[in-house]
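Student: Pasting a structure here, questions to come.
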Amino acid sequence: MKDQRSFTIRSYRSSDREAVRRLCCETGFLGEPIDPVYEDRELFADFLTTYYTDHEPESSFVLDANGEIRGYLLGSRKPLVNQLYAFQQNVILGLRALARYPRYSQRSRRFIRWVLGNGWREVPAAPRRVPHFHINLLPVARKMATTRALMSAYLSYLYRCGEKHVYGQIVTFESRRGERMFERYGFKVLNRAEITKYKAFFPESVYLSTVIKNLETAEPLSVYARSRD
């Protein structure tokens, strides 16, 4: 799939790992670098990307612009494996974060306290046995065409594998209405919850929304197919 003017959507490769981790950190704070909120890029990227890049790479796609990774969609169609891995990973990364806690800045310590005290309560419920995805793009690549092309690649992959549903969890706030964008792609909002970890850094209320799509209808996929023309 190629837009001759600017970018290519392709399957993730092992050589993309460092670029994906870097992009994760460059977009971790509401689309901007995570550093003002949490200084430990290594642990941040481990938490959000390692399962997908190391254990289910075949379900992920990247946006390649002249050899530079400017966006990615990390997906999983093995929810039970992902959940078992996440449980083990949370324990390991939690212990590593606590060991580094004395060396962290006040802002990073506040972030760790939120993760341990409130994080699990503020994440909205999600289907437990359904494929899911995370999508991130650098500011220069955030366009309707790039988002649509990444989604097209992943949804077509799921459709070929015989999956019937998919969900994602997206960050939304007043000046970035992500829910409406995903509704255009055939997703429905299942639920949402306010996330408080950004209150000290961002003036608007921030929400995490769970959106879900039925893949048994072929019609929405034709919309993505046209994006590849």
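Student: Among the candidates R177, R228, single out the residue that is open to solvent by 50 Å² or more (accessible area, probe 1.4 Å), within 19 Å of the chain's Cα centre (by Cα) and at pLDDT below 70.
Tutor: Values: R228 fails: within 19 Å of the chain's Cα centre (by Cα).
The unique qualifying residue is R177.
Student: Taking the residues in segment 57-98 that are part of a helix (DSSP H, G or I) and of a type in the set (F, W, Y) as candidates, determine which candidate is surrounded by the most Cβ atoms within 10 Å (Cβ to Cβ).
Tutor: Within segment 57-98, the subset part of a helix (DSSP H, G or I) is 57-59, 79-98.
Cutting the leftovers down to of a type in the set (F, W, Y) gives us 85, 87.
On the way: Y85: 17, F87: 9.
Within segment 57-98, the match that is surrounded by the most Cβ atoms within 10 Å (Cβ to Cβ) is Y85.
Student: How about segment 101-218: which helices (runs of 4 or more DSSP H) wholly inside it have at least 3 residues that are touching a residue at least 40 places away in the same chain (Cβ under 8 Å), under 23 Å from R10 (Cβ atoms) and of a type in the set (F, W, Y)?
Tutor: 144-160
Student: Please go through segment 192-220 and give me each residue that is loosely packed, with under 13 Cβ neighbours inside 10 Å and farther than 30 Å from Q106 by Cα, ordered by number.
Tutor: Passing the criteria: N214, E216, T217, A218, E219.
Student: Applying the selection to segment 99-124, what residues are aromatic (F, W, Y), open to solvent by 50 Å² or more (accessible area, probe 1.4 Å) and modelled with pLDDT under 95?
Tutor: Step one: filter segment 99-124 for residues aromatic (F, W, Y), giving 101, 104, 111, 114, 120.
When the remaining residues are screened for being open to solvent by 50 Å² or more (accessible area, probe 1.4 Å), the result is 101, 120.
Passing the criteria: only W120.
The values are calculated or read from the model by the stated rules, or taken from the named source; none is laboratory data. This structure is a prediction, so every number in the text was calculated from the model and none was measured. Backbone-built Cβ (ideal geometry, glycine too); neighbour counts: all protein chains shown. For accessibility, only protein heavy atoms count, side chains too; no ligands or nucleic acids. Shrake-Rupley method; radii C 1.70, N 1.55, O 1.52, S 1.80 Å.
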